[in-house]
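**Student:** Below are the structure tokens for one structure; questions will follow.
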Amino acid sequence: MLLNFKRSSLPALGVTTLIMLALFSSVPAAPLFGQTESGSAGAVEGVEGAETTVAPEAQTSDSQPGDMKLTTRFSFYNHGDSGDGNPFLDEALTVVEPVFIFDHTVTDTFAYSLDFHYDYVSSASIDRLSKFPEQSGASADNYVGFDVGGRWKLSDGWKVGAHAGFSDEYDYDSVGFGANASRDIAGKDATVGVSVNAYFDDIRVIQFNGNEAGSETRTSFSTTASWYQVITPKVHGTFGATVSLQDGFLSTAYNGVVIETPGGPSNPTLDNNASGTEFAEVLPDTRMRLALFGRVRTSVSEGKAYELGGRIYSDDWGVTSFSFEPRWYQTLIPGKLDSMARYRFYTQTAADDYEDHFFAAEKFMTQDSDLADLSSHTLGGRLTYHLDNDDSLSFGLDYVLRSDGLDQVLATFAWEHEF
Amino acid sequence: MPKLRRLALVGLLFAPLAATGCHTVEYYEKQLLSDPAMGFETDPTEVHFQQKVFYSMEGSAGGIGDSAGGGCGCY
């Protein structure tokens, strides 16, 4: 699908992306690519939890041919609806998600991974759809995804990777492709990388009232440039920028917008019985996003370190956000038990088309709480217990306190087994 | 949009730095950097979950893993 950008600010970002790509593509050669400590691919892979990318090569140990690893993670996510957020709708949500990733280093120069994930999603919006006979299959949403990835060491310096996958839901399916390249420079004190990803989605437009308004498509491209740098013998950090472009149907099909009629009869289909009529959310069909992020970790002493991370984000829908995430890492029992504690502050401005109250239809309109003014504080941590050289267990728990009352609980349990 | 343009300019400033890199520490000085407490984890299963939660429940995306939206339905 061709992108059709309409906003005046987009060309500047497009030029930025091209320049960054050109710069990265001209970096001289050095060694690279290998398994990270936890077995994911190369230097442009994501870093768990924190808002950054880049796996620092200085911190990784290459896997040996024949090594295999299976990572299994069960995650739980829940938030209730305290009546804040969107007052017209019940926004309660629960997600249970198992993920399985098998990773196999085949030779010195090739490895692959298989990724299967499943989500069971139970939400008030899905419950609503289930009341309509034609959408009886929407009593819960089941998301299934599969991804295959390969990694290659091309020469004494370059590492590249590629992946392809698909995912499917009741009202949605997607095909995705991606590629990445990275290399060490400056005597392995720095690693630079670039990745590109593209997703092609088909959406059945099932609206809040069960009506099916045909199907739509959505295309998403993102490019991430990343940089890892050893700064001193006790300090290193990762930095990066992600530019993403989306085109097509970007509204959330089942989201409604209430146009109020003060003094009119109450509407019993609304959560607060307000006076008004519900219409489908309408949002622009293009979106460009830019995120700049980084984290710097400092060793306090052996087994103890702290990290400062953050992200600045802006898009052409008017959302600007900032996050700050300090972390503390401590080895509690050497070789056996590691811990991490974190705090995350997040704040964002509302999208241009967001309003708490509408009294007349507008070209674009949304009451999605996630596009409103918002701030949150997250407190959490993780414990990792190494059973032996081949097995480890990890338990993570986070609590998100949101300014709109949609507080969240996130829990994960993971088992990693090496063959 | 001015804010977006400003961020783009910051991105331009970062790019040349990333392309050059700096050799600051000799290999024999990197013992503490190899400490498990200093490792930047890349567990893809946790990245997957964090992306889904934060990308779908906040208005912003990017910076977790190497993608920023798409391929994931909204909750």
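The values are calculated or read from the model by the stated rules, or taken from the named source; none is laboratory data. The model shown is predicted, which means the values in this text are computed figures rather than measured ones. Don't worry about glycine lacking a Cβ; one is built from the backbone with ideal geometry, like all the others, and counts go over all protein chains shown.
**Student:** When region A:167-178 is examined, which residues are found to be buried (at least 16 other Cβ atoms within 10 Å of the Cβ) and more than 21 Å from A:Thr252 (Cβ to Cβ)?
**Tutor:** A:Gly178
**Student:** Of all residues in region A:327-353, count the ones that are facing chain B (nearest Cβ under 9 Å) and part of a loop (DSSP other than H, G, I, E, B).
**Tutor:** Residues that pass the stated criteria total 5.
**Student:** Also, I was wondering about something else. Taking only region A:307-326 into account, find how many residues are crowded, with 16+ Cβ neighbours inside 10 Å, in a strand (DSSP E or B) and aromatic (Phe, Trp, Tyr). First the steps, then the outcome.
**Tutor:** From region A:307-326, those crowded, with 16+ Cβ neighbours inside 10 Å are A:307, A:309-323, A:325; that's our starting set.
Keeping just the survivors that are in a strand (DSSP E or B) gives A:307, A:309-315, A:320-323, A:325.
So of that shortlist, the ones also aromatic (Phe, Trp, Tyr) come out as A:313, A:322.
Final tally of qualifying residues: 2.
**Student:** For region A:376-395, how many residues meet the condition of being more than 14 Å from chain B (Cβ to nearest Cβ) and of a type in the set (A, V, I, L, M)?
**Tutor:** We begin by selecting, within region A:376-395, every residue more than 14 Å from chain B (Cβ to nearest Cβ); these are A:379, A:387-388, A:390-391.
Those left that are additionally of a type in the set (A, V, I, L, M): A:379, A:387.
Number of matching residues: 2.
**Student:** Sticking with this one: Consider A:Trp158 against the criteria (1) surrounded by fewer than 18 Cβ atoms within 10 Å (Cβ to Cβ); (2) modelled with pLDDT under 90: it satisfies all of them except one. Which criterion is unmet?
**Tutor:** Here A:Trp158 clears every test but (1).
**Student:** Checking the structure you have, find out if any residue of region A:365-375 is more than 13 Å from chain B (Cβ to nearest Cβ) and in a strand (DSSP E or B).
**Tutor:** The answer is yes; a qualifying residue exists.
**Student:** Pick from region A:323-352 the residues that are in contact with a helix residue (DSSP H, G or I) (Cβ under 8 Å, 6 or more places away or on another chain) and not polar (S, T, N, Q): which of them is farthest from A:Asp407 (Cα to Cα)?
**Tutor:** A:Asp338
**Student:** Only one of A:Glu260, A:Glu302 is more than 7 Å from chain B (Cβ to nearest Cβ) and surrounded by fewer than 21 Cβ atoms within 10 Å (Cβ to Cβ); which?
**Tutor:** Working: A:Glu302 fails: more than 7 Å from chain B (Cβ to nearest Cβ).
Answer to the check: A:Glu260.
**Student:** Could you grab me the full set of residues in region B:5-47 that are at pLDDT 75 or above, facing chain A (nearest Cβ under 7 Å) and farther than 19 Å from A:Val296 by Cα?
**Tutor:** B:Pro44, B:Thr45, B:Glu46
**Student:** Go through region A:217-250 and count every residue that is in a loop (DSSP other than H, G, I, E, B) and either within 17 Å of the chain's Cα centre (by Cα) or at pLDDT below 90 (or both).
**Tutor:** Initially, region A:217-250 is screened for residues in a loop (DSSP other than H, G, I, E, B), giving A:233-234, A:249-250.
From the residues that got through so far, the ones that are either within 17 Å of the chain's Cα centre (by Cα) or at pLDDT below 90 (or both) too are A:250.
Of the residues in region A:217-250, 1 are in a loop (DSSP other than H, G, I, E, B) and either within 17 Å of the chain's Cα centre (by Cα) or at pLDDT below 90 (or both).
**Student:** Please go through region A:370-419 and give me each residue that is over 28 Å from A:Ser339 (Cα atoms) and either surrounded by fewer than 21 Cβ atoms within 10 Å (Cβ to Cβ) or basic (Lys, Arg) (or both), ordered by number. Talk me through it step by step, then tell me what you get.
**Tutor:** First, the residues of region A:370-419 that are over 28 Å from A:Ser339 (Cα atoms): A:370-374, A:403-405.
Listed by number, the residues that qualify are A:Asp373, A:Ser403, A:Asp404, A:Gly405.
**Student:** With (1) surrounded by 15 or more Cβ atoms within 10 Å (Cβ to Cβ); (2) touching a Ser or Thr at 6+ places or on another chain (Cβ under 9 Å) as the list, and A:Phe345 as the residue in question, which single condition is left unmet?
**Tutor:** Here A:Phe345 clears every test but (1).
**Student:** Could I ask something else about it? Which is of a type outside the set (Val, Ile, Thr) and within 12 Å of chain B (Cβ to nearest Cβ), of A:Asp398, A:Asp356? Working first, answer last.
**Tutor:** Numbers: A:Asp356 fails: within 12 Å of chain B (Cβ to nearest Cβ).
Selected residue: A:Asp398, the only one of A:Asp398, A:Asp356 that is of a type outside the set (Val, Ile, Thr) and within 12 Å of chain B (Cβ to nearest Cβ).
**Student:** Give the residues of region A:151-185 that are assigned to a loop (DSSP other than H, G, I, E, B), touching a residue at least 40 places away in the same chain (Cβ under 8 Å) and more than 22 Å from A:Gln64 (Cβ to Cβ), sorted by residue number.
**Tutor:** Across region A:151-185, the qualifying residue is only A:Asp171.
**Student:** Right, another one. In region A:201-223, how many residues are facing chain B (nearest Cβ under 8 Å), polar (S, T, N, Q) and touching a Gly at 6+ places or on another chain (Cβ under 6 Å)?
**Tutor:** The qualifying residues number 2.
**Student:** Can you report the number of residues in region A:401-419 which are facing chain B (nearest Cβ under 9 Å) and either part of a strand (DSSP E or B) or among the basic types (Lys, Arg) (or both)?
**Tutor:** Applying the first criterion (facing chain B (nearest Cβ under 9 Å)) to region A:401-419 yields A:402, A:406, A:408, A:410, A:412, A:414, A:416.
Going one step further and asking which of them are either part of a strand (DSSP E or B) or among the basic types (Lys, Arg) (or both), we end up with A:402, A:408, A:410, A:412, A:414, A:416.
Qualifying residue count for the region: 6.
**Student:** Moving to a separate point now. Collect the residues in region A:287-315 that are in contact (Cβ under 8 Å) with a residue 40 or more places away in the chain and more than 19 Å from the chain's Cα centre (by Cα), keeping them in residue-number order. Give the derivation first.
**Tutor:** First, pick out the residues of region A:287-315 that are in contact (Cβ under 8 Å) with a residue 40 or more places away in the chain: A:287-299, A:307, A:309-311.
Within region A:287-315, A:Val296, A:Arg297, A:Thr298, A:Ser299, A:Glu307 qualify.
**Student:** Would you be able to say whether some residue in region A:233-244 is of a type in the set (A, V, I, L, M, F, W, C) and over 30 Å from B:Gly39 (Cα atoms)? If you could, list the steps in order and put the result at the bottom.
**Tutor:** Initially, region A:233-244 is screened for residues of a type in the set (A, V, I, L, M, F, W, C), giving A:235, A:239, A:241, A:243.
With the extra rule that they be over 30 Å from B:Gly39 (Cα atoms), the set shrinks to none.
No: zero hits.
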